[in-house]
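Heads up: the structure comes next, in structure tokens.
The values are calculated or read from the model by the stated rules, or taken from the named source; none is laboratory data. It should be emphasised that the depicted structure is a prediction, and the values quoted were computed from it without experimental measurement. All Cβ positions, glycine included, derive from the backbone under ideal geometry; neighbour counts span all protein chains shown.
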């Protein structure tokens, strides 16, 4: 069978593309209305996206063997758990912009589309750097991942701080490019000049002043400002997650497919985490531990290439460690809840 330049038969690439596009179309069709996604529905959909990922893992197992399938599942699990921290940031962004529940999935959808595009770009750049720089570039990636873990560890004490997203670079960039209508108007990201003129005629908007740039002007709404902040925040997050997944495998299709299928389920996972975030108090510690593990694995791999010491971590072992650390973080959250959560629960029962 003819192979592509990325090392896999065209059949494998076509299966990946078909599953990805099919999943995107299903997601777009099933969540096209501006309605909040209930927790029960979000849980079912999250299970569905996991099943899609494991269907591809099963295909890899049958056609390419256990090791390739293990690499994919490890990368998938790693991207999924690292994405949890990003989703918590998105929750804070939605709260600051006061985005109604019914419009959040719309922002998440377009944010995920952007994440898929940027992940592809970053994976291509990362794989190219590894190919050119060899083991020394792996050392750089290892240090980068370790630095990210240290930053998360130090940032744990600032959880109560609320960031002012009006100072965010994405927010300020949008305001320079477009005049802004300060109120949410349906699910629209932009309003035309005629629509703004109609809004200004309403008594409740009498105190609003906006710039005019001509009849063809487009006005950005708070939803677009929110989307821009979410998108740039995800791009910054990718600087952590892409090197981490590349540490699992340097095969571009494995890395990108693992990220792709993990990202596809994030929209419904968001609503699950939003309901459960008060209980998953130790999950971030698991994420930090995994980043340190990945930095160690990447450093071990690179030094083996340089010094030939013969030590390495097998793909199956990496998979067990990733799943085990994630499970420990979840279990610890329920066994050892934070003091504030215990006090809140006791007050409810009183």
Quiz prompt | Residues (under 18 Å from residue 72 (Cβ atoms) and not in a helix (DSSP H, G or I)) located in segment 296-336 | solution = 313, 314
Exercise. Taking residue 275 as the residue in question, decide whether it is in a helix (DSSP H, G or I) and at pLDDT below 80.
Key: yes
Quiz item: Any residue at all in segment 78-89 that is exposed (fewer than 15 other Cβ atoms within 10 Å of the Cβ) and in a helix (DSSP H, G or I)?
Solution: no
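Assess whether residue 289 counts as being in contact with a strand residue (DSSP E or B) (Cβ under 8 Å, 6 or more places away or on another chain), touching a residue at least 24 places away in the same chain (Cβ under 8 Å), farther than 30 Å from residue 35 by Cβ and surrounded by fewer than 24 Cβ atoms within 10 Å (Cβ to Cβ).
It is false that residue 289 is in contact with a strand residue (DSSP E or B) (Cβ under 8 Å, 6 or more places away or on another chain), touching a residue at least 24 places away in the same chain (Cβ under 8 Å), farther than 30 Å from residue 35 by Cβ and surrounded by fewer than 24 Cβ atoms within 10 Å (Cβ to Cβ).
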Quiz prompt | Pairs, first without any contact (Cβ under 8 Å) to a residue 24 or more places away in the chain and on the phi > 0 side of the Ramachandran plot in segment 295-320, second surrounded by 14 or more Cβ atoms within 10 Å (Cβ to Cβ) and not in a loop (DSSP other than H, G, I, E, B), C-beta under 9 Å, six or more apart | solution = 310/304
Practice problem: Please list, ordered by first then second residue, the pairs with beta carbon atoms under 8 Å, 6 or more apart or interchain, first in segment 217-229 and at positive phi and in a helix (DSSP H, G or I), second crowded, with 24+ Cβ neighbours inside 10 Å and at pLDDT 95 or above. | Solution: none
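Within segment 40-73, how many residues turn out to be more than 16 Å from the chain's Cα centre (by Cα), within 22 Å of residue 8 (Cα to Cα) and part of a helix (DSSP H, G or I)?
20
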Self-check item: Of the criteria (1) more than 12 Å from the chain's Cα centre (by Cα); (2) surrounded by fewer than 17 Cβ atoms within 10 Å (Cβ to Cβ); (3) touching a residue at least 60 places away in the same chain (Cβ under 8 Å), which one residue 93 fails
Solution: (2)
Quiz item: Quick one: what pairs do we get from segment 13-25, first residue at pLDDT 90 or above, second surrounded by fewer than 18 Cβ atoms within 10 Å (Cβ to Cβ) and in a helix (DSSP H, G or I), C-beta under 9 Å, 6+ apart or different chains?
Solution: 15/59; 15/63; 16/59
